[in-house]
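First comes the structure, then the notes that go with it.
The values are calculated or read from the model by the stated rules, or taken from the named source; none is laboratory data. Model, not experiment: these values are computed from the prediction. Glycine gets a Cβ as well: all are built from the backbone with ideal geometry, and neighbour counts include every protein chain shown.
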Amino acid sequence: MTIRTSQTLLLPLAMAVALAACSKKEEAAPAATTAATAPAATGFTLDESTLPAYNTFKVSDLDSSVDACSDFGGYVNGKWLAANEIPGDRTSWGVDSILVERSIAVQHQLAEQIAALQNPTGIEKIVGDFWATGMDEARINAQGLEPLKADLAAIDALTDATSIARYLRDSAARGDNVLFDFSPQADFKDSSMNIAYAAQGGLGLPDKTYYFDADKADKLQAYQAHVAKVLELSGVAAADAAKQAAEVVKFETRLAKASRSSVELSRDVELYYNPVTLAEADRLTPNFSWTEFFKSQGVTAPEKFSLAMPAFHQEVSKALADTDPSVWRAYLRFHTVDEASPYLADNFVQESYAFYSKTLNGQKEMKPRWKRVLGSIENGAGEAFGQLYVKVAFPTESKAKMEGLVKNLAAALKERIEHLDWMSAETKAKAIAKWETFTPKIGYPDKWRDWSGLQTGRDSYLANVRAANAFNYKWNLAKIGQPVDKTEWGMTPQTVNAYYNPLQNEIVFPAAILQPPFFDPDADDALNYGAIGGVIGHEMTHGYDDQGSRFGPTGNFENWWTEADAKGFAERTRKLVHQFDQYKVGDQHVNGTLTLGENIADLGGLATAYDALQKATAGQPDPMIDGLSRDQRFFASYATSWRSKTTPETAKVRLATDPHAPDQFRVVGPPTNLPAFAAAYKCEAGKPMAARGDAQVLIW
């Protein structure tokens, strides 16, 4: 399932989109934006009959043999989950996945029409070039490793710490930085201005725990075999490749020891903020000059930047001095080829799939080429494609109705804050001040990026990928030291997801999620408030979760809590940690600490959506549709929105790294704590879905 990441930490998201590589024409300043218009008629057509059908709530889905008060997930979703298998080319399947398939099916139709245009220009040329080169399997196979020969030759020439450090700077300037993340983001202390952030990276596995935990030893062993295979494919003799792979894994294990875990990063946003001067940074990492690094990236020397997770960077500096250059060469060779593998010949693609998708996540079949190419367009020029997507796939009336829902949810949240019995008037006033500055973004950006600086062609798929990466990298770096552009989005319109950005105090809902079963302009209020209302409330509540609550109304990192209220909040969140710690997938417990922020948002979001539904329907008779009350349909719609299943392998990865609880527990966790749920389904005290007393968690 696509995880609705409502990011409390937007920093990792921003860094993830700061891709890289080299283009023939590089911009020295951010690309201009153009005014966005509402979707309009285009020359492109859409065949609705070929698109996947929506998976909406139906009363026939309910399993009357299951007690809703004991297992609400089984009651609402059990029959559907039993009847539907995970497709071979996916690692999860559910309502989100179906919307993703629908979104990419729309993009597929558009890409084919765009690629067939004669002499296209602008964004049509970019999308068309990506599609044409990505789909030309014969040319890609004929090119083999040729697109990487210059990179590999440069790596082979590295002989000492000085040349390695220079290579790291030069490759980063081309956008190929395998060692650490480097990108702009709003200053935690002055969210109106962008500064540079450098954070940990360099690992090939999902989390540092994969290098140490006994229960993940098989994955580490498989990873070492994968490293050896990639090195062999790159031209290293098999015996040497095996030896080099062992050295690479040993080197990454060293980096992992100096890294922070997913749990640490998700629960302490302050780890990303360590402002230093260039001189201070240079002293911390004497073998890696940040002064030279900024210069090599074309970034004006700043007064300060955030050297996040400094222990990691210090370890890299030590490794430059004490690690044999042959190990660095093997490490850089592997990662260079590994990252390019999805865009190279079939043998590289197959090996990448075999480890990352099949072994690590349990995906049974490789995605067809057309889906993989659309993924590369999304990664490299997603917002450009989004301009075309919204014109054929997002009705204007959907945006207008969503705006009304957001207003109703916001009013309900304000009332909930005002009536909290555990928070003082002083802290409430600060919470309301933050509420007053919430900014919603719906559907697509108010301004589109100008992509005219991106040069693509029909000669090489990898060259187009790298050109887009480099273009985006330079575009991002040019923001450093500049005011934050609050019109920018962190997701594309065709993304089935939503997020909260604490540094801008904004909630964002791309067009692709504003479809059934989440949102349907023709559905009754109970269904819309239960599904998209829960998502809206979730994003708003992120402003008040354990990390979002550390940012104030302007997006600055600040403490607006009284000591007593902060203590009361912590006591309530500990109860939520305990609740989710009890849930298990197989023999592995959910990590209630890792998932705390999302669980707070789920609980507060559902409660807020329920209150908003009551206000929206006040004075109206209960329609009792299909024999269900309005409140029953509300909670059933919420449960449907989390209808999904995952492969056992993916479930293990997510339990270790994902700040979201498994979907089956997002179905039952929040309703368990709400008296309105117990009332709607007449749950007696003692039933699993009817928490009472100390077992009940109520926060926002």
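Structure summary
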read-out	value
Qualifying positions in segment 269-304 - hydroxyl-bearing (Ser, Thr, Tyr), buried (at least 19 other Cβ atoms within 10 Å of the Cβ) and in a helix (DSSP H, G or I)	TYR272
Whichever residue in segment 80-138 is over 24 Å from the mean Cα position of the chain (by Cα), of a type in the set (D, E, K, R) and closer than 22 Å to GLY386 by Cβ and, among such residues, is surrounded by the fewest Cβ atoms within 10 Å (Cβ to Cβ)	GLU112
Only listed residue being surrounded by 18 or more Cβ atoms within 10 Å (Cβ to Cβ) and outside any helix (DSSP H, G or I), chosen from SER259, SER266	SER259
Only one of ASN559, ASN591 that is free of Cβ contacts under 8 Å to residues at least 60 places away in the same chain and not in a helix (DSSP H, G or I)	ASN559
Residue match in segment 165-185 (condition: farther than 21 Å from VAL316 by Cα, modelled with pLDDT of 95 or more and assigned to a strand (DSSP E or B))	yes
Conditions (1) in contact (Cβ under 8 Å) with a residue 40 or more places away in the chain; (2) in a helix (DSSP H, G or I): number failed by GLY404	(1)
Any hit, segment 139-154, residues being of a type in the set (Asp, Glu), surrounded by 14 or more Cβ atoms within 10 Å (Cβ to Cβ), under 32 Å from the mean Cα position of the chain (by Cα) and not in a helix (DSSP H, G or I)	no
Filter result for ASP207 (surrounded by fewer than 18 Cβ atoms within 10 Å (Cβ to Cβ), modelled with pLDDT of 95 or more, out of contact with any strand residue (DSSP E or B) (no Cβ under 9 Å at 6 or more places or on another chain) and not aliphatic (A, V, I, L, M))	no
Segments classed as helices (runs of 4 or more DSSP H), wholly inside segment 612-700, with at least 1 members that are at pLDDT 95 or above and within 30 Å of ASN361 (Cα to Cα)	630-640, 648-657, 663-672
Out of GLY386, GLY362, sole residue that is at positive phi and modelled with pLDDT of 95 or more	GLY362
Elements of type strands (runs of 3 or more DSSP E) in segment 420-504, at least 1 residues being closer than 19 Å to ASP545 by Cα, outside the structural domain of PRO302 (by TED's automatic domain parsing) and touching a Ser or Thr at 6+ places or on another chain (Cβ under 9 Å)	499-501
Helices (runs of 4 or more DSSP H) (entirely within segment 40-135) containing at least 1 residues that are acidic (Asp, Glu), in the same structural domain as THR672 (by TED's automatic domain parsing) and in contact (Cβ under 8 Å) with a residue 24 or more places away in the chain	95-115
Test: residue in segment 487-495 that is more than 29 Å from ILE536 (Cβ to Cβ) and out of contact with any Asp or Glu (no Cβ under 7 Å at 6 or more places or on another chain)	no
